[in-house]
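Encoded as structure tokens, the structure appears first; notes follow it.
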Amino acid sequence: MPYATTDDGVKLYYEESGEGTPIIFIHEFADDYRTWDDQVALFKKTHRCIVYNARGYPPSDVPESPDQYSQLRATEDARDVLKHLGIEKAHIVGLSQGGFASLHFGLNFPEMALSLVIAGCGYGAGADKQQWKDETSEIAQKFLNDGVEKVGEFYCYGPTRVQFENKNKEKFLEFVKRFNEHSALGCANTFLGVQGRRPSVYELEEGMAKMTVPSLIISGDEDEPCLEPNIMMKRTIPSSWLALIPRSGHAINLEEPGLFNRIVKDFIDTVDAGKFTNRDPRSQNQSMSGIK
């Protein structure tokens, strides 16, 4: 099995297919590298596609301490997979927890990013950081006490997941099956080290205002925790597009793979063709006529 070893000694399982400009896909908390099957099936025709399992997700290593997990470390892991493969620059595509990693990749390693797809990014962005930390700690303990399947009984059926269940019961149950195959320790440590401690997107505003990497911000229109943070990111990142997928929740790459793929492909094709441009500052004038 192919593994990339990070600079702190953790082995990450990866797969790659296709040839051309590289794209690396970073999965969400509730899924693994297989969540990107519909995307890889399309993009491998024109690009070199890399998927991998984050630390804590077998067959990648499951470090025992939550101190071995963090938002920066998750971002560095994506970088280390690219370094292992000898890739200097790539398109970075992430959903949810992976969307945060994509955003932080643009903030920390812009020289390695051709573009960023920041999908389903915003959870834990509220003002009450202590409440978020308390919630993530509680769920982490449930993973350890009750096991993955028991947690999945409520986690997989939350208010931003029901859209997927309603649209495609068969694919939804495949997603639940993948969730149930996760490591309880890996999930708990990811909640404690990455999600519970990561900064809110609002804390990143100064850095985002300086970003120059072409960025696509995309979410489902019923993914409530992401809507306001996404609008803020669009207004802040000068090199960004914003897209909302209608009647959709959190797992938009699974819920609406065709539409998700078309939007992402149009964005990446625009970047690859050298036709991406930043937002015209005049469009941010709040006056209808531009005359005050």
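Nothing in this text is a laboratory measurement; each read-out follows from the coordinates by a stated rule. Note that the structure is predicted; figures quoted are calculated from it, not measured. Note that we place each Cβ from the backbone using ideal geometry, even for glycine, and neighbour counts take in every protein chain shown.
Report the antiparallel proportion of the DSSP beta bridges in the stretch 3-278 as a percent, rounded to a multiple of 5.
Of all bridge pairs located within the stretch 3-278, approximately 20 percent are antiparallel.
Amide H to amide H, which residues 5 or more places from LEU114 or on other chains are under 5 Å from it, using H placed in the peptide plane?
Residues meeting the criterion, in which the H sits 1.01 Å from N, are ALA90, HIS91, ILE92.
Using 0.36 nm times the number of residues separating GLU206 and ASP8, minus their current alpha carbon distance, what extension gain do you get?
68.4 nm
With +1 on each Lys and Arg Cβ and -1 on each Asp and Glu Cβ, and nothing else charged, work out how big the dipole of the stretch 75-143 is about its Cα centre, in Debye to the nearest 20.
100
Once both labels are modelled 7 Å past Cα along the beta-carbon direction, what's the SER283-ASN145 spacing in nm?
Taking the simple label geometry, SER283 and ASN145 are separated by 4.9 nm.
What 222 nm value per residue comes from the helices of the chain, counting each DSSP H run with n ≥ 4 as -39,500 (n - 2.57) and dividing by all residues, nearest 500 deg cm²/dmol?
It comes out at -12000 deg cm²/dmol, rounded to the nearest 500.
When the dipole is taken about the Cα centre of the chain, and only Lys, Arg (+1) and Asp, Glu (-1) are charged at their Cβ, what size is it in debye, to the nearest 20?
Computed charge dipole of the chain: roughly 820 debye.
Put +1 on the Cβ of every Lys and Arg and -1 on every Asp and Glu Cβ in the stretch 172-243; which of GLY207, TRP241, LEU173 then has its Cα farthest towards the positive end of the dipole?
GLY207
What nm value, rounded to one decimal, do you get for the distance between GLU88 and THR270 when each label is placed 7 Å out toward the C-beta?
2.7
Taking the Cα of GLU174, stepping 7 Å toward and past its beta carbon, and measuring to each backbone N in the stretch 259-273: which are under 18 Å?
259-262
Ranking CYS156, CYS226, CYS49 by Cβ neighbours within 10 Å, fewest first, what do you get?
With the sparsest Cβ surroundings first, the list reads CYS156, CYS49, CYS226.
Which value, in debye to the nearest 20, gives the size of the charge dipole of the stretch 1-63 about its Cα centre, when Lys and Arg are +1 and Asp and Glu are -1 at the Cβ?
Once rounded to the nearest 20, the dipole reads 160 debye.
Would you kindly compute the Cα radius of gyration of the stretch 3-278 and its largest Cα-Cα separation (Dmax), both in Å?
When restricted to Cα atoms, the stretch 3-278 yields Rg and Dmax of 17.1, 52 Å.
Would you give the gap between the C-alpha center of the stretch 181-247 and the C-alpha center of the stretch 1-60, rounded to a whole Å?
20
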